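Contents: one structure, followed by commentary.
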Amino acid sequence: MSLEDVIADIATQFEATQRLIGWAEDEIRAAQARHPEAAQRIWRSFQLLAPALPLPWTETVYRAHCHELLERAARAGDTRPGTAAECCLVLSQISLQAPLRASAAGLYARMWRRAGLPADVLDASSADYEALYGQAIDDGERDLRAKLRQSWRIAPGPAAPFSQRPAPSSGR
């Protein structure tokens, strides 16, 4: 690999990261507008939005991921379980390797809908899958979100007012 190739690869990665940061900041501002009472907690949740999966993230999927995590943060909910968008990414990758069983296809449809992704064939067939395989889909969702759990993804607690923060130590 030539030096030019390395530089081009770094530039591509930098640009992709900058796009993710821009989308995350947009989603933070939108969440703050929806939840002004939790604006400070949401603002401090930026680190939660890092993609945990080394899979291709489109803008729509990444924004859905951010939206779900920021909604959890606004409610002071558990931000560690996998998001619906992460579940969709994994199920998409699996479907490229082998056909999905009907219950897994139903789980994919449910996660697609919960992520708020654009309506398509998956979304349209969701009710049929739910009627036939609802319990298996429930179990699959619980298991997949648990497998995608990120122990580092912990929402920040409430910020103490500046006057109540401990003074920095002098190092002596």
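When segment 7-39 is filtered for residues that are of a type outside the set (A, V, I, L, M) and closer than 12 Å to E59 by Cβ, the ones remaining, listed by number, are R19, G22, W23, D26, E27.
Determine, yes or no, whether R72 is part of a helix (DSSP H, G or I), of a type in the set (K, R) and within 22 Å of G22 (Cβ to Cβ). The answer is yes for R72. For segment 78-88, the set of residues classified as touching a helix residue (DSSP H, G or I) at 6+ places or on another chain (Cβ under 8 Å) and either in a loop (DSSP other than H, G, I, E, B) or surrounded by fewer than 20 Cβ atoms within 10 Å (Cβ to Cβ) (or both) consists of D78, T79, P81, G82, T83, listed by residue number. Looking only at segment 94-107, residues that are closer than 20 Å to A146 by Cβ and not in a helix (DSSP H, G or I) come to 2 in all. What number of residues within segment 39-60 are surrounded by 21 or more Cβ atoms within 10 Å (Cβ to Cβ) and in a helix (DSSP H, G or I)? The qualifying residues number 4.
All conditions but one from (1) in a helix (DSSP H, G or I); (2) crowded, with 20+ Cβ neighbours inside 10 Å apply to R153; the one that does not is (1). Taking the numbered list (1) part of a helix (DSSP H, G or I); (2) more than 21 Å from I154 (Cβ to Cβ); (3) modelled with pLDDT under 95 in turn, L91 passes all entries but (3).
Of the candidates D143, D123, D128, the single residue that is surrounded by 10 or more Cβ atoms within 10 Å (Cβ to Cβ), at pLDDT 95 or above and not in a loop (DSSP other than H, G, I, E, B) is D143.
In this structure, L117 qualifies as aliphatic (A, V, I, L, M), modelled with pLDDT of 80 or more and in a loop (DSSP other than H, G, I, E, B). The set of residues from segment 69-88 being closer than 20 Å to G157 by Cβ and not aliphatic (A, V, I, L, M) comprises E71, R72, R75, G77, D78, T79, R80, P81. Screening segment 51-79 for residues that are out of contact with any Phe, Trp or Tyr (no Cβ under 8 Å at 6 or more places or on another chain) and of a type in the set (K, R) and picking the one that is nearest to D143 (Cα to Cα) gives R72.
State which residue pairs qualify: first residue under 24 Å from Q40 (Cα atoms) and inside segment 7-28, second residue of a type in the set (V, I, T) and surrounded by 12 or more Cβ atoms within 10 Å (Cβ to Cβ) in any location, beta carbons under 9 Å apart, and separation of 6 or more residues or different chains. Close Cβ pairs (under 9 Å, with a partner that is of a type in the set (V, I, T) and surrounded by 12 or more Cβ atoms within 10 Å (Cβ to Cβ)) amount to I28/I42.
The residues in segment 1-24 that are under 24 Å from L148 (Cβ atoms) and out of contact with any Pro (no Cβ under 8 Å at 6 or more places or on another chain) can be counted, and the count is 7.
Does segment 101-115 include one or more residues that are exposed (fewer than 15 other Cβ atoms within 10 Å of the Cβ), free of Cβ contacts under 8 Å to residues at least 40 places away in the same chain and not charged (D, E, K, R)? Yes, there is a match, as at least one residue in segment 101-115 is exposed (fewer than 15 other Cβ atoms within 10 Å of the Cβ), free of Cβ contacts under 8 Å to residues at least 40 places away in the same chain and not charged (D, E, K, R).
Restricting segment 1-26 to residues that are closer than 21 Å to P54 by Cβ and of a type in the set (D, E, K, R), the residue that is farthest from the chain's Cα centre (by Cα) is D5.
The values are calculated or read from the model by the stated rules, or taken from the named source; none is laboratory data. Given the structure is predicted, the values throughout are model-derived calculations rather than measurements. Note: ideal-geometry Cβ built from the backbone for every residue, glycine included; neighbour counts use all protein chains shown.
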